[in-house]
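Here is the structure we will look at.
The values are calculated or read from the model by the stated rules, or taken from the named source; none is laboratory data. What you see is a predicted model; the values in this text were computed from it and never measured. Don't worry about glycine lacking a Cβ; one is built from the backbone with ideal geometry, like all the others, and counts go over all protein chains shown. Please note that ligands, DNA and RNA were not included when accessible areas were found on the heavy atoms of the full protein model with its side chains. Shrake-Rupley method; radii C 1.70, N 1.55, O 1.52, S 1.80 Å.
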Amino acid sequence: MTAPSSSDRPRVRLKPKANARGLRHGFPWVYPNDIVTDRRTRKIEPGALAVLEDDKRAPIGLVAVNLNSKIMCRMLDRDPAAELTAEWFETRLTRALAMRERLFDAPYYRLIHAEADGFPGVIIDRFGDACVIQPNAAWAEAHLELLTEALVKVTGVTTVLKNGSGRTRGLEGLDDVNATLRGETPIAPLPIPMNGATYMADLTGGQKTGLFYDQRSNHAFAARLVHPQARVLDVFSHVGGFALAMLAGGAAQALSVDGSAAALDLARQGADASGIADRFDTRQGDAFEVLTALGDEGAQFDVAICDPPAFAPSKQALDAGLRAYERVARLAAPLVKPGGYLGLCSCSHAADLGRFRDASARGIGRAGRHAQLIHTGYAGPDHPQLPQLAESGYLKAVFFRL
């Protein structure tokens, strides 16, 4: 079926009180209460393209529409006559690739970071000759073949996988089916070099796309805090994130804590591949219970890092999430030697830096420790932020000297 031309596309119109100026200045989302939802609008299929107009019917841009989503329209192009051709995809992918190739000396990075790279709702992580796509918006699912073709052409990768998991796809009314779009499905985890260590990425059975690149620069900072006698603790470690980086940076011993046996197995494989397995240990269990047990055991570490999942994924969960972050800090602070370092992280959209930092400081204070805030970290440059969209700056990491 041929996609409708720009002249045949449906129109969606903003209500008079909607912020048309904000949309013209770069805000990429339109919510249901900002749109005139008449009979014609309600007939638009999820993922279809439309021209967004202000209340006076002046065009603002080309949007993808999904009436089933809390984000009813996503801005795709400021040109309302734009066509989503192969060239459109290739141009944006080429632009994104050029920045990553300037920043990184090897093809291991987040290639597309959704709105900030001009692909609303789309994540693409690159693992050498393989890429994993998360098409978390209906328009991307509808154009997945065209996106895949352009991705292969621009990057030269031989394997492209679709990861259909995640809460966001459900909110868009999409399925949770994974698929191999190009090449052969990997039968084993892939070794990924970062910060002097080797991480094992399970592209088909791991969390998200298989590896979290966003913490790379924070891993590097943590590695600067260690010395040859340092004992380090990495809680919520996934596949060994901070622990392997700190061991590669010269720490004497590292303990990784996670609830997932599969993740810890990958962490051990990574330690072996990095040549540091003799200095690496793991402990499976609920993080809060393990932190409590380590305190009861009198364990002490020179550096402790806690990188939990999103405790506050929504505004409704914010208060409970902040209490959880405070509890993590309270339980972890007693485990740090005097003069040692505590790193605390949050990937919650709803908890901004100020609230997260305050919750962390309260927890440290409740543990009876005095702290100096020495560094604040964010996601790496392959996770660019869209200045108009606060949600794109989701990752925060605060490092304290206790």
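Got a sec? Which of Phe212, Phe242 is within 18 Å of Cys347 (Cβ to Cβ) and open to solvent by 10 Å² or more (accessible area, probe 1.4 Å)? So that I can check it myself, show each step before the final result.
Values: Phe242 fails: open to solvent by 10 Å² or more (accessible area, probe 1.4 Å).
Just one listed residue meets the conditions, Phe212.
Of the residues in region 336-356, how many are surrounded by fewer than 22 Cβ atoms within 10 Å (Cβ to Cβ) and at negative phi?
Residues in region 336-356 being surrounded by fewer than 22 Cβ atoms within 10 Å (Cβ to Cβ) and at negative phi: 10 in total.
Is it the case that Gly368 is more than 25 Å from Phe212 (Cα to Cα), open to solvent by less than 10 Å² (accessible area, probe 1.4 Å), of a type in the set (Gly, Ala, Ser) and not in a helix (DSSP H, G or I)?
no
Of the conditions (1) of a type outside the set (Lys, Arg); (2) assigned to a helix (DSSP H, G or I); (3) out of contact with any helix residue (DSSP H, G or I) (no Cβ under 7 Å at 6 or more places or on another chain), Phe288 satisfies every one except a single condition; which number is it?
That leaves (3) as the condition not met.
Could you list, in sequence order, the residues of region 177-209 that are more than 18 Å from the chain's Cα centre (by Cα), under 27 Å from Lys153 (Cα atoms) and part of a loop (DSSP other than H, G, I, E, B)?
Matches in region 177-209: Val177, Asn178, Gly183, Glu184, Thr185, Pro186, Ile187, Ala188, Pro189.
Restricted to region 15-64, and to residues that are in contact (Cβ under 8 Å) with a residue 60 or more places away in the chain and out of contact with any strand residue (DSSP E or B) (no Cβ under 9 Å at 6 or more places or on another chain), which residue is least open to solvent (accessible area, probe 1.4 Å)?
Top of the filtered list is Gly22.
What residue, among those in region 2-14 that are surrounded by fewer than 18 Cβ atoms within 10 Å (Cβ to Cβ) and assigned to a loop (DSSP other than H, G, I, E, B), is modelled with the highest pLDDT?
Pro10
Select, from Ile124, Ile112, Ile192, the only residue that is open to solvent by less than 10 Å² (accessible area, probe 1.4 Å), free of Cβ contacts under 8 Å to residues at least 24 places away in the same chain and either within 23 Å of Gly380 (Cα to Cα) or among the hydroxyl-bearing types (Ser, Thr, Tyr) (or both).
Ile112
If I go through region 131-165 residue by residue, how many of them are aliphatic (A, V, I, L, M), within 22 Å of the chain's Cα centre (by Cα) and farther than 24 Å from Trp29 by Cα?
The first filter runs over region 131-165 and keeps only residues aliphatic (A, V, I, L, M), leaving 132-133, 137-138, 140, 142, 144, 146-147, 150-152, 154, 157, 160-161.
Checking the rest, the ones that are also within 22 Å of the chain's Cα centre (by Cα) come to 132-133, 137-138, 140, 144, 147, 151, 157, 160-161.
Among the residues that remain, those that are also farther than 24 Å from Trp29 by Cα are: 132, 151, 157, 160-161.
The total comes to 5.
In region 291-307, which residues are closer than 26 Å to Ala350 by Cβ and touching a helix residue (DSSP H, G or I) at 6+ places or on another chain (Cβ under 6 Å)?
Those that are closer than 26 Å to Ala350 by Cβ and touching a helix residue (DSSP H, G or I) at 6+ places or on another chain (Cβ under 6 Å): Leu291, Ala304, Ile305, Cys306.
Where residues in region 219-237 are touching a Phe, Trp or Tyr at 6+ places or on another chain (Cβ under 8 Å) and over 21 Å from Ala299 (Cα atoms), which of them is surrounded by the fewest Cβ atoms within 10 Å (Cβ to Cβ)?
Phe221
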